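Have a look at the structure below, then the notes.
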Amino acid sequence: MLKFILNSVSQENFQKVKITWYGGEPFLECGRIREFLKKMEDTKIRVENVFVTNGTILTRRCLNMLQDANVDYIQITLDGTKDMHDKRRIKLNGEGTFDGIVDNIITLVKQNFQIVIRINVDKRNKNSCIKLIEFLANKFDKRLWKSGLITIDIARVFGSPYSLSMSEFFEVKERMLSSAYDSDMFRAEIPAGTFVCFCDAEKSSKDNLVIDEKGYVYKCWNYIFGDNNAYGYLDTKGNLKITNPKSKDRYISELSLSNIMNDCFKCKWFPLCRGMCPDFRSRMFEGTEEPIYETGVCKNLVRNHVEFLLKLKLREAKYAESH
Ligand code: SF4
């Protein structure tokens with residue numbers, strides 16, 4: 001991977017590389033990551049790192065690695081309040097992981113690392129996720145939320161028998177956001193282009209790759225570790241060898257908006273919604289996700305969510321005027 005980055009940088013004259021360390025569990029390999037980043041330092045190329053971790057391991061070695069790295073943010077998942085989380089995320093010895101993760105978040109925040117608390121919601125944990133907001137509001141100082149040092153990212157569990165429909169998910173998400181808003185943890189914004197989802201997999205870029213530990217290269221990180229889904233690999237000289245162009249092009253052409261969801265370009269909610277991510281599109285057309293595009297439900301979801309955010313914004317403006 002290092003050779004590939006160095007080759008790409010010298011050929012394309014990149015100034016910056018952004019790496020999302022994802023697993024498995026990246027903090028199990030802090031030593032190797034540190035070694036890799038040290039080698040990158042010699043190149044004078046700016047490296048920005050994002051860590052997606054389960055938050056259970058935070059050794060001195062990890063902290064040293066993080067302190068030396070240029071960390072954009074660290075994403076850590078909680079699956080609900082302690083009782084729910086500890087039923088779903090247990091150690092080999094049967095103990096729960098909630099308290100340890102929260103302690104590790106506190107340690108990281110004290111060292112000024114930006115933390116994104118990811119909350120994956122499904123049918124089984126939705127009520128607990130709503131309660132989790134209250135727990136987090138009380139656990140962490142308001143200033144941390146206001147400054148953006150801690151933020152929440154609410155996501156829908158997909159591809160499970162317990163997945164919520166998109167309508168159900170947005171209902172839960174809005175309850176969580178309302179609660180977060182009332183607790184001063186969240187400011188209502190309506191960011192263009194980030195509504196629902198948008199994914200780099202549909203870009204035909206040479207500089208945006210998902211690479212697994214064996215060097216296989218993928219378009220979508222939902223399907224890593226199954227080399228059947230890889231579209232190529234990095235050879236020992238750091239060259240990208242494409243072995244399955246179909247798997248690559250599927251995201252760019254077959255699943256593109258212009259190919260299967262052309263109406264999105266005429267939709268008044270575009271670009272607030274960009275037609276969801278290609279993996280969701282693929283699942284919708286395979287019949288494993290609710291066909292919200294074909295039924296037009298997608299437009300209601302976007303409209304309702306924008307109205308919800310506008311209401312919060314209006315409340316904010318009224319509050320500011322009266323103080
Ligand atoms: S709301 Fe529906 S039609 Fe409009 S851009 Fe989104 S997915 Fe496409």
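Structure notes:
- DSSP beta bridges confined to the stretch 2-182 are antiparallel in about 5 percent of cases.
- Anchor Lys3: aspartates and glutamates whose Cα lies under 17 Å away (excluding residues fewer than 8 positions away in-chain): Glu12, Glu35, Glu41, Asp42, Asp207, Asp212, Glu213, Asp235
- Long-range HN-HN contacts of Ile152 with modeled amide H, under 5 Å: Ile117
- FRET efficiency for Lys18 and Asn127, using Cβ-Cβ distance with R0 set to 25 Å, rounded to 0.05: 0.10
- Applied to the stretch 37-46, the Karplus parametrisation 6.51 cos²θ - 1.76 cosθ + 1.60 on θ = phi - 60° returns per-residue 3J(HN,Hα) values of 5, 4, 5, 5, 4, 4, 7, 6, 7, 6 Hz, with x for Gly and Pro.
- Contact order normalised by residue count of the stretch 66-121, Cα under 8 Å, 6+ apart, percent: 48 percent
- Of Lys131/Lys318; Lys126/Lys266; Lys87/Lys126; Lys16/Lys266; Lys91/Lys146, those spanning more than 25 Å from alpha-carbon to alpha-carbon: Lys131/Lys318; Lys126/Lys266; Lys16/Lys266; Lys91/Lys146
- DSSP finds beta bridges in the chain, and of those with both partners inside it, around 25 percent are antiparallel.
- Residue list for the stretch 201-230, given a label point 7 angstrom along the Cα-to-Cβ vector of Asp153 and an amide N cut-off under 14 Å: 221-222
- By average C-beta atoms within 10 angstrom, highest first, the peptides 174-181, 289-296: 174-181, 289-296
- Protection proxy ranking of 276-282, 125-131, 107-113, by the mean of other Cβ atoms within 10 Å over each peptide's residues and highest first, is 276-282, 125-131, 107-113.
- Straight-line cross-link partners of Lys268 among the lysines, defined as a Cα under 22 Å from its Cα and at least 8 positions apart when in the same chain: Lys299, Lys311, Lys313.
Laboratory data are not the source of any read-out in this text; all were calculated from the coordinates shown. It should be emphasised that the depicted structure is a prediction, and the values quoted were computed from it without experimental measurement. Note that we place each Cβ from the backbone using ideal geometry, even for glycine, and neighbour counts take in every protein chain shown.
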